[in-house]
Amino acid sequence: LSEARPDGEVLRIEATSPFERLSEKQRMRLIVRVLCELVAYDESWPSSFESERSLLEAVLGRWLAGTIEHIGSTAVPGLPAKPVIDIMAPVKTLEASRPAIDAAPNAGYVYCPYKVEVMHWFCKPSPYFRTHHLHLVPFESPLWYQRLAFRDALRQCATLTAEYADLK
């Protein structure tokens with residue numbers, strides 16, 4: 001806002017909220033933090049994953065190098081989590097699977113460049129509201145094994161699962 005004073009000086013008043021003064025990236029982080037609160041484990045998460053796996057096999061099958069895996073906290077029974085299904089799909093290489101970036105929207109996914117040196121990462125239905133994350137990861141890469149090992153350790157050890165839940 002601006003107002004001309006009688007002496008000719010223009011008084012400028014900035015009428016923005018603290019939220020409006022944040023960068024777009026800062027606003028998105030704040031929105032995600034507010035909207036992505038942890039919820040109790042939902043018994044429907046495994047079946048939601050299975051449905052999504054079937055869809056992804058049909059859409060991305062030509063680039064897959066193995067079995068699509070349910071990872072992240074929603075893959076661990078009893079663990080509180082953000083209600084977002086994390087899916088890891090194995091590909092031969094990132095370069096060979098680059099055309100999958102154009103195919104993934106057919107399953108409702110949006111490509112979001114993140115850790116591009118180790119994966120192709122997508123969210124569904126949008127970056128602003130997410131129900132699913134899709135990670136196209138080279139099969140048998142260090143990241144592939146790390147994600148599965150972490151999930152499996154949480155699934156196998158109730159004490160570790162409880163300690164991890166406390167950290168969240």
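The values are calculated or read from the model by the stated rules, or taken from the named source; none is laboratory data. For clarity, every value in this text was computed on a predicted model and none was experimentally measured. Here the Cβ positions follow ideal geometry from the backbone for every residue, glycine too, while neighbour counts run over all protein chains shown. Note: areas computed on protein heavy atoms with side chains; ligands, DNA, RNA excluded. Shrake-Rupley method; radii C 1.70, N 1.55, O 1.52, S 1.80 Å.
The figures follow:
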read-out	value
Conditions (1) in contact with a Cys (Cβ under 6 Å, 6 or more places away or on another chain); (2) among the aromatic types (F, W, Y); (3) open to solvent by 70 Å² or more (accessible area, probe 1.4 Å); number of the one not met by W121	(3)
Inter-residue pairs, beta-carbon under 6 Å, first closer than 19 Å to E140 by Cβ and assigned to a loop (DSSP other than H, G, I, E, B) and in the stretch 50-76, second open to solvent by less than 40 Å² (accessible area, probe 1.4 Å) and modelled with pLDDT of 95 or more, 6+ apart	A65/P90; A65/V91; G66/P90; I68/L56; I68/A89
Selected residue (criterion: surrounded by the most Cβ atoms within 10 Å (Cβ to Cβ)) from residues of the stretch 98-113 that are in a helix (DSSP H, G or I) and in contact with a Phe, Trp or Tyr (Cβ under 7 Å, 6 or more places away or on another chain)	A100
Test: residue in the stretch 129-145 that is open to solvent by less than 90 Å² (accessible area, probe 1.4 Å) and more than 23 Å from A100 (Cβ to Cβ)	no
Any hit, the stretch 14-21, residues being among the acidic types (D, E), exposed (fewer than 15 other Cβ atoms within 10 Å of the Cβ) and at pLDDT below 95	yes
Residue within the stretch 131-140 that is outside any helix (DSSP H, G or I), farther than 15 Å from L55 by Cβ and touching a Gly at 6+ places or on another chain (Cβ under 6 Å) present	yes
